[in-house]
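To start, the structure under review is shown below, and the notes come after it.
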Amino acid sequence: MRAKVLGLNGEVVEEIELPDVFEEEFRPDIIKRVVLAIQSHRRQPYGVSSLAGRDYAWENWGPGYGYARVPRLKQGSRAVVVPQAVGGRRAHPPKVERKWGEKINKKERRKALRSAIAATANPEIVRARNHVFEGELPKVVVDEFESLKKTKEVVEVFKAIGVYGDVERSKETKRVRAGKGKMRGRRYVMKKSVLVVVSNNIVKSARNLPGVDVVLVRNLNVELLAPGCLAGRLTVWTKSAVDYLRGWLC
């Protein structure tokens with residue numbers, strides 16, 4: 001499988017042989033398992049207060065009153081503390097010591113990563129995620145892309161290689177989040193757009209574009225390549241990042 005390396009002006013500079021990882025079998029089932037496993041490690045533990053449902057002044061009346069022998073308020077007759085009482089403790093409340101993190105087999109995780117990388121080169125899978133692009137996939141650009149310092153320069157390159165339409169699509173999807181998250185520092189949400197994979201330099205000038213993520217190839221994971229468990233994210237690779245894959249995932 002071969003790919004064209006594009007210059008910063010969008011013209012073809014050379015043609016390279018892609019690593020074997022781009023011909024991996026597409027396995028959406030394994031990709032979903034791995035993404036959920038990654039997300040599970042971000043779950044914040046939660047639990048009830050140690051006094052929840054127990055913080056009452058109570059006593060047990062004992063036999064002889066024609067009442068069930070359950071804890072009751074000292075200044076009243078209402079049952080408290082027991083799970084069947086209104087306002088009583090829960091029988092099995094959530095506990096902070098619960099382990100939310102899911103384990104995943106090493107070979108399964110690597111298989112999912114190879115499959116997700118291969119999906120970025122399949123136009124049908126990428127379009128199924130509603131990404132907008134022009135030309136062939138995968139998008140490979142020269143290493144000079146990593147030295148760009150200004151956002152407007154990145155925008156010009158995106159327009160030249162035919163992926164800027166996806167950034168505009170992402171910008172149009174920005175909206176106020178539904179639910180209480182809008183009060184907790186994450187008021188807005190938007191769709192993901194281009195993923196930029198580089199080898200050495202993080203292109204900070206690209207991170208401010210709507211929906212764009214930038215990652216070093218050695219830090220690449222399945223969730224970045226398949227947000228929401230759906231593989232086929234529109235990805236721009238630098239030539240060095242593609243070369244890095246040759247002996248990495250064998």
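Using the count of nearby Cβ atoms within 10 Å as a rough guide to exposure, how do D166, D20 rank from fewest to most?
Values: D166 26, D20 14.
Lowest count first: D20, D166.
Compute the normalised compactness of the range 139-201: alpha-carbon radius of gyration over 2.2 N^0.38 Å, N being the residue count. Walk me through the numbers on the way to the answer.
Values: Rg = 15.1 Å, N = 63, 2.2 N^0.38 = 10.6 Å.
Against the empirical 2.2 N^0.38 Å value, I get 1.42 for the range 139-201.
Distance from the alpha carbon centroid of the range 16-30 to that of the range 120-145 works out to 14 angstrom.
Please tell me the relative contact order of the chain in percent, rounded to the nearest whole number, where contacts are Cα pairs under 8 Å and at least six residues apart. Walk me through the numbers on the way to the answer.
Working: 445 pairs, mean separation 60.2, N = 250.
Worked out over the chain, it gives 24 percent.
A straight Cα-to-Cα reach below 23 Å connects K182 with the lysines K171, K174, K191, K192, residues fewer than 8 places away in its own chain not being considered. At the listed q of 0.26, 0.27 Å⁻¹, the Debye profile of the range 56-95, built from one uniform point per Cα, gives log10 I(q)/I(0) equal to -0.86, -0.90. Taking other C-beta atoms within 10 Å as the exposure proxy, F133, F158 rank F133, F158 from fewest upward. Residue farthest toward the positive end of the dipole of the chain, with Cβ of Lys/Arg at +1 and Asp/Glu at -1: which of V197, S147, A226? Working it through, the farthest residue towards the positive pole turns out to be A226.
Using the 10 angstrom Cβ neighbour count as an exposure proxy, how do Y46, Y56 rank, fewest first?
On the way: Y46 10, Y56 18.
Taking fewest neighbouring Cβ atoms as first place, the list is Y46, Y56.
The mean sequence distance of close C-alpha pairs (under 8 Å, at least 6 residues apart), as a share of the length of the range 56-95, puts its relative contact order at 26 percent.
Restricting things to Cα coordinates, could you compute the convex hull volume per residue of the chain in Å³? List each step's numbers first, then the result.
Details: hull volume 43.5 nm³, N = 250.
In the chain, the Cα convex hull volume per residue is 174 Å³.
Computed from the coordinates by the stated procedures, all read-outs in this text should not be read as laboratory data. No experiment lies behind these values; they were computed from the predicted model shown. Neighbour counts are summed over all protein chains in view; Cβ atoms, including those assigned to glycine, are modelled from backbone coordinates with ideal geometry.
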